[in-house]
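Structure record follows, encoded as structure tokens.
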Amino acid sequence: MRATAGQVVQLCKGHTQEDMIKPPPQPLHVLFRFLRSNARRHMSASGYCPKCNTTHRLPTTMEARHQAQLLHQTLRSKNPPFTISRRGKMVGVLLCQDSEGRHKTLKAFAGSVNGKWHLNGWSPVVGGKGTAPNELPTYVNIQNTQNKLQVEQNDLAQRLRDCPPSASDADIALIRLELKEMIDKRRQLAWTALKETRKHQHVSNFCGEVDLLQHVFARNTRQPATDGSKAERQRIKMPAGAGDCCAPKLLADAARQDLTPLAIAEIFVGDTTMKKEGEFYDACKERCQPVLGFMLCGL
């Protein structure tokens, strides 16, 4: 191909003819979109397994992504199975296979929806049916007490706001003391309710092992002591909501049904400052990864 007069000038400045016919560089947002899309192909649910001394992974395949997108479309249709709150909701699918080679797709939502922990056709909480918070009598009683105390706390707060300028410092201090005691009491009840739910969070893996979720979390989050001593260990406290995400729910359900998981995908429905509508996400680092190593063991 003959070079034009203008191209000759460029070639004389040190450029090759191939440089002259290269396409212009792509805008940064196009590059970022490509990199983000490429990264998704390698997404997975994963966790370290101390017994095997390795990290177990369940991939996010194109088929799993497709099934998750179909679920997303259903939840964004005119007649969704449930209403998505303004905060949005993570949902996920798990592609499985039974002992006869037949394929089955499980689906789950994170946490609860509209105050409900179970919906027909969706994977239940990790402990199975009958172990959701609103199915535990002790938890329900605590919540009823909490609701009554909340009303009393609101009344005290209102009394404090309505104190006239003539109110003595002693009267104001007394109301503040009552308010503090009420808050402390409700905080203690909340901790008691959380411990009650965790007593029923039994999970199994694909080796046939069963354990409490909090025990699995504690084993997998041990850290060396700050002084470097191997004898002492520090443990990260299991955060509230651990076990309520999609991945643990789906894997627990698959193990109960004697299904073999093949792939997983989690997608967000909603649009917040932290997550975006229709985006795929890995199983979370804080709540899921410490327990997924145990739950994926045996695959």
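The values are calculated or read from the model by the stated rules, or taken from the named source; none is laboratory data. Not measured: the values here are computed from a predicted model. So basically every Cβ, Gly included, is an ideal-geometry build from the backbone, and we count neighbours across all protein chains shown.
Per this entry, THR55 is not counted among residues that are assigned to a loop (DSSP other than H, G, I, E, B), among the hydroxyl-bearing types (Ser, Thr, Tyr) and within 28 Å of GLY298 (Cβ to Cβ). Criterion first (closer than 23 Å to CYS288 by Cα, small (Gly, Ala, Ser) and touching a strand residue (DSSP E or B) at 6+ places or on another chain (Cβ under 8 Å)) does GLY127 satisfy it? Considered against the rule, which asks whether it is closer than 23 Å to CYS288 by Cα, small (Gly, Ala, Ser) and touching a strand residue (DSSP E or B) at 6+ places or on another chain (Cβ under 8 Å), GLY127 comes out as yes.
Of the residues GLU286, GLU209, GLU277, the single one that is at pLDDT below 95, under 20 Å from PRO124 (Cα atoms) and of a type in the set (Asp, Glu) is GLU209.
Any residue at all in region 236-248 that's in contact with a Leu (Cβ under 7 Å, 6 or more places away or on another chain), more than 22 Å from CYS52 (Cα to Cα) and either modelled with pLDDT under 85 or among the aliphatic types (A, V, I, L, M) (or both)? Scanning region 236-248 turns up at least one residue that is in contact with a Leu (Cβ under 7 Å, 6 or more places away or on another chain), more than 22 Å from CYS52 (Cα to Cα) and either modelled with pLDDT under 85 or among the aliphatic types (A, V, I, L, M) (or both). Please verify whether GLN188 is out of contact with any strand residue (DSSP E or B) (no Cβ under 6 Å at 6 or more places or on another chain) and closer than 30 Å to CYS284 by Cβ, treating the condition exactly as stated. The answer is yes for GLN188.
Flag not set for GLN153, criterion: in contact (Cβ under 8 Å) with a residue 12 or more places away in the chain, of a type outside the set (D, E, K, R), within 28 Å of ALA108 (Cβ to Cβ) and in a helix (DSSP H, G or I). Just to verify a result, which residue in region 129-150, among those that are part of a loop (DSSP other than H, G, I, E, B), surrounded by 12 or more Cβ atoms within 10 Å (Cβ to Cβ) and not polar (S, T, N, Q), is nearest to the chain's Cα centre (by Cα)? Only one residue fits best here, namely ALA132. Taken across region 241-263, residues that are in contact with a Lys or Arg (Cβ under 7 Å, 6 or more places away or on another chain) and closer than 15 Å to ARG219 by Cα do occur, with at least one present.
Taken together, ARG161, ARG176 contain a single residue that is loosely packed, with under 11 Cβ neighbours inside 10 Å, of a type outside the set (A, V, I, L, M), farther than 20 Å from PRO137 by Cα and outside the structural domain of GLU286 (by TED's automatic domain parsing), which is ARG161.
Go through region 233-288 and give me each residue that's among the aliphatic types (A, V, I, L, M) and assigned to a strand (DSSP E or B). Selection gives LEU262, ALA263, ILE264, ALA265, ILE267, VAL269.
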